Amino acid sequence: MKKLSHTDNQGRARMVDVGGKPDSDRTARAVGSIKLSPTTVALIEKNEIEKGDVLTVAEIAGVQAAKKTSDLVPMCHNITLDKITVTAVIEKNGVSIECGVKCKGKTGVEMEALTGVSVALLAVYDMCKAVDKEMIISNIHLVEKTKK
């Protein structure tokens, strides 16, 4: 059985030491979605949500969140990110979000991509909660991770 990398020999949480690892080009891409009522989708399409432009706010929130991942996830390393892209797209039944992250470093950026998607979806939820009481955030997952 594989040992968890974020626990010591006594099973206590610890941050992994990546100091001896060489830098490499790393990318990660994550996606997720939020199910919305047809009325809410129409309001977003017409930019008539009272709080403003839902898709733009979600994309900005996702970028901000990816940059703050190490502040939110206790054992996550604080890494310098070279690029973050967050794309929010209106779908028939809601909004889908994709977040891509790139860095040159000692550890991967999948947590940053997942955090970006998660917070972008929460931003959509926050902006639409006054008009839609049955929103469902789902299917947040990593779709790609590379190390070169």
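Every number in this text was worked out from the coordinates using simple rules, so none of it is lab data. Note that the structure is a prediction, hence the values are computed from the model and not measured. In this analysis, Cβ positions are derived from the backbone assuming ideal geometry, glycine residues included, and neighbour counts consider all displayed protein chains.
List of remarks:
- What the Kirkwood sum gives for the chain is a hydrodynamic radius of 16.3 Å, with every pair of different alpha carbons counted.
- Peptides 114-126, 18-30, 34-46 ranked from most to least packed, by the mean per-residue count of other Cβ atoms within 10 Å: 114-126, 34-46, 18-30.
- Of the residues CYS103, CYS76, the one with the fewest other Cβ atoms within 10 Å heads the list, and the complete ranking is CYS76, CYS103.
- For THR80 and ASN47, the FRET efficiency from 1/(1 + (r/R0)^6), where r spans their Cβ atoms and R0 equals 30 Å, is about 0.30.
- Cross-link pairs beyond the 29 Å C-alpha cut-off, checked among LYS21/LYS67; LYS35/LYS104; LYS21/LYS83: LYS35/LYS104
- Sparsely packed loop sites in the stretch 73-148 (the GluC sites (Glu not before Pro) outside DSSP H, G, I, E and B with at most 13 other Cβ atoms within 10 Å) comprise GLU134.
- Bridgeable aspartates and glutamates around LYS51 (alpha carbons under 13 Å apart, same-chain partners fewer than 8 residues away excluded): ASP126.
- Rounded to the nearest 20, the Cβ-based charge dipole of the stretch 36-147 about its Cα centre (Lys and Arg +1, Asp and Glu -1) stands at 500 debye.
- Solvent-free Debye calculation, one equal scatterer per alpha-carbon of the stretch 50-115: log10 I(q)/I(0) at 0.12, 0.27, 0.28 Å⁻¹ equals -0.33, -1.15, -1.20.
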